[in-house]
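Q: Below are the structure tokens for one structure; questions will follow.
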Amino acid sequence: MNNHNGSLLKIENLTKTYKLGKRNVQPLTDLDLDVSKGEFVSVMGPSGSGKTTLLNIIGCIDRATKGSVLVDGVDVARFSESRLYKIRRDKIGFVFQSFNLVSYLNARENVELAMELSGKFKGQRKQRALEFLSLVGLGGRELHRPSRLSQGEQQRVAIARALANDPALILADEPTGNLDVANKGEIIKLLLELNQKSGTTIIMVTHDEQVAHQTRRLLYLQDGKIVKDKQQRNSVDILS
């Protein structure tokens, strides 16, 4: 793995256990992972292999039972809820399969929402929202509500929102899962461009092999462990 940019995410001995009735379930077992700044990593694996649990722990939505999780040099595994909230707000952008847009807000307001508690002034938030919408190809659509946007456009708004606070890391959970083939290609192309031009680090969970093979690095999870970690060279093909 190229580590010339330094490590952005370093996970050691990560284990997650929870109780389901009388049973102990362990979606992740002694998992190690190192992701450099500027990498774009796909994560694949069968249902129940621990993909979403891993993303939720990296994203400070869920907590590890054991092990350390360093995000941008800070071990978040033992943080209080209020400190985790700040990490989520300042360091991590989320993109979900279901877009998670607020239906009664327009595209610009949805992006601004991410900056509400960032300490930026209203005018500043508006300006940044317009810049990011333009960056994802939605200049001129800022005042449309989600119902007036295609699914591909809604996902673009979600990506603009994820970028709004200049996160160190973007976590994308099945970002193309609800999209048709044309929109799927557009969204993965957009993520690749963001990664290559801005150096944004992206970790993406996907079931789609075609999507996964567009990224430089591919992880396979099985039974809570990384069973394959391979470098791929074909990520630039889609952009050429």
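The values are calculated or read from the model by the stated rules, or taken from the named source; none is laboratory data. From a predicted model like this one, the values you see are computed outputs, not experimental measurements. Neighbour counts run over all protein chains shown; Cβ positions are idealised from the backbone, glycine included.
Q: Does Gln196 fit the bill of being part of a helix (DSSP H, G or I), over 23 Å from Lys86 (Cβ atoms), touching a residue at least 24 places away in the same chain (Cβ under 8 Å) and not charged (D, E, K, R)? Before you say what the answer is, go through the steps one by one.
A: On the way: part of a helix (DSSP H, G or I): yes; over 23 Å from Lys86 (Cβ atoms): yes; touching a residue at least 24 places away in the same chain (Cβ under 8 Å): yes; not charged (D, E, K, R): yes.
Answer is yes for this residue.
Q: Determine whether segment 31-42 contains at least one residue that is farther than 13 Å from Ile202 by Cα, of a type outside the set (D, E, K, R), out of contact with any helix residue (DSSP H, G or I) (no Cβ under 9 Å at 6 or more places or on another chain) and touching a residue at least 24 places away in the same chain (Cβ under 8 Å).
A: no
Q: Checking Leu20 against (1) modelled with pLDDT under 95; (2) of a type in the set (A, V, I, L, M, F, W, C); (3) touching a strand residue (DSSP E or B) at 6+ places or on another chain (Cβ under 6 Å), which single condition isn't satisfied?
A: Going through (1) modelled with pLDDT under 95; (2) of a type in the set (A, V, I, L, M, F, W, C); (3) touching a strand residue (DSSP E or B) at 6+ places or on another chain (Cβ under 6 Å) one by one, Leu20 breaks only (3).
Q: Another question, then. Just checking, which of Gly140, Gly123, Gly93, Gly119 is part of a helix (DSSP H, G or I) and at pLDDT below 95?
A: Details: Gly140 fails: part of a helix (DSSP H, G or I); Gly93 fails: part of a helix (DSSP H, G or I); Gly119 fails: part of a helix (DSSP H, G or I).
Testing whether each residue is part of a helix (DSSP H, G or I) and at pLDDT below 95 leaves just Gly123.
Q: Before we move on, is Glu112 in a helix (DSSP H, G or I) and acidic (Asp, Glu)?
A: Values: in a helix (DSSP H, G or I): yes; acidic (Asp, Glu): yes.
Yes.
Q: So if I check each of Ala129, Ala114, Ala182, which one is surrounded by fewer than 19 Cβ atoms within 10 Å (Cβ to Cβ) and free of Cβ contacts under 8 Å to residues at least 60 places away in the same chain? Steps first, answer last, please.
A: Working: Ala129 fails: surrounded by fewer than 19 Cβ atoms within 10 Å (Cβ to Cβ); Ala114 fails: surrounded by fewer than 19 Cβ atoms within 10 Å (Cβ to Cβ).
So the residue among Ala129, Ala114, Ala182 that is surrounded by fewer than 19 Cβ atoms within 10 Å (Cβ to Cβ) and free of Cβ contacts under 8 Å to residues at least 60 places away in the same chain is Ala182.
Q: Considering only segment 154-173, state which residues are buried (at least 20 other Cβ atoms within 10 Å of the Cβ) and acidic (Asp, Glu).
A: Answer for segment 154-173, where residues must be buried (at least 20 other Cβ atoms within 10 Å of the Cβ) and acidic (Asp, Glu): just Asp173.
Q: For segment 21-62, enumerate the residues that are of a type outside the set (Gly, Ala, Ser), under 21 Å from Ser7 (Cβ atoms) and in a loop (DSSP other than H, G, I, E, B).
A: Answer for segment 21-62, where residues must be of a type outside the set (Gly, Ala, Ser), under 21 Å from Ser7 (Cβ atoms) and in a loop (DSSP other than H, G, I, E, B): Lys37, Glu39, Cys60.
Q: Shifting gears a bit: Regarding Ala107, is this residue surrounded by 14 or more Cβ atoms within 10 Å (Cβ to Cβ) and touching a strand residue (DSSP E or B) at 6+ places or on another chain (Cβ under 6 Å)? Spell out how you get there, then give the answer.
A: Details: surrounded by 14 or more Cβ atoms within 10 Å (Cβ to Cβ): yes; touching a strand residue (DSSP E or B) at 6+ places or on another chain (Cβ under 6 Å): no.
No.
Q: Given Ala162, Ala168, which one is small (Gly, Ala, Ser), within 16 Å of Val102 (Cβ to Cβ), in contact with a strand residue (DSSP E or B) (Cβ under 7 Å, 6 or more places away or on another chain) and in contact (Cβ under 8 Å) with a residue 12 or more places away in the chain? Outline the logic, then answer.
A: Numbers: Ala168 fails: within 16 Å of Val102 (Cβ to Cβ).
Just one listed residue meets the conditions, Ala162.
Q: I'd like the full set of residues that are in contact with a helix residue (DSSP H, G or I) (Cβ under 6 Å, 6 or more places away or on another chain), hydrophobic (A, V, I, L, M, F, W, C) and closer than 24 Å to Arg217 by Cβ, limited to segment 148-191.
A: Leu163, Ala168, Ile170, Leu171, Leu179, Ile187, Ile188
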